1. Solvent-accessible area of residue 81, probe 1.4 Å, all protein chains present, reported in Å² to the nearest ten, please.
2. With a Förster radius of 35 Å, plug the Cβ-Cβ distance of residue 123 and residue 102 into 1/(1 + (r/R0)^6) and report the FRET value to the nearest 0.05.
3. As a test of reading the structure, rank 31, 126 by solvent-accessible area (1.4 Å probe, protein chains only), most first.
4. For residue 77 paired with residue 20, estimate the spin-label separation in nm (one decimal), with each label point 7 Å from Cα along the Cα-to-Cβ line.
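The values are calculated or read from the model by the stated rules, or taken from the named source; none is laboratory data. From a predicted model like this one, the values you see are computed outputs, not experimental measurements. Reconstructed Cβ throughout: ideal geometry from the backbone, glycine too, with neighbour counts over all protein chains shown. Each accessible area value is taken on the protein alone, full model and side chains, heavy atoms only, with ligands, DNA and RNA left out. Shrake-Rupley method; radii C 1.70, N 1.55, O 1.52, S 1.80 Å.
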Amino acid sequence: MENFLPALLIIGGVIYKIYAEYQKEQEKARRRMPQVPIPAPPLPSEQPAQRTVIEPTMSIPIPVPPKKRQSAPVIPTEVKVTTSEAFTEKDDKKLLKKITPKIEGRNDAVSFDLREAVINAAILNRPYQ
């Protein structure tokens with residue numbers, strides 16, 4: 001019984017917070033809806049012309065400004081020159097590397113062992129369970 005009053009106060013506080021948040025959301029929704037003026041009723045002496053009543057069916061979207069594109073960073077010419085030199089040096093080193101063909105045998109015949117090929121295929125294509 002001693003814990004009843006604090007628990008009741010906590011529950012009441014939570015309910016109040018939920019209600020306050022609900023009221024805030026309702027106010028935001030009212031602000032988003034366009035305010036349509038209510039036409040005044042015509043006087044009895046005037047003949048009512050064709051009345052058009054505009055009912056809000058959809059909220060008007062607020063235009064969002066387009067995002068500005070970030071321009072490419074300005075790279076100084078000195079940096080461009082040094083990086084281009086570094087790339088050309090790397091390319092030159094790759095091109096200067098002499099490629100020598102590897103010759104295994106002097107015969108034109110290719111050696112092929114079927115038994116070894118089956119063993120290698122079984123090793124590579126193991127059935128996983």
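1. Result for residue 81: roughly 70 Å² accessible.
2. Step by step, r from the Cβ atoms, then E = 0.90.
3. 31, 126
4. Taking the two extended label points, one gets 6.5 nm.
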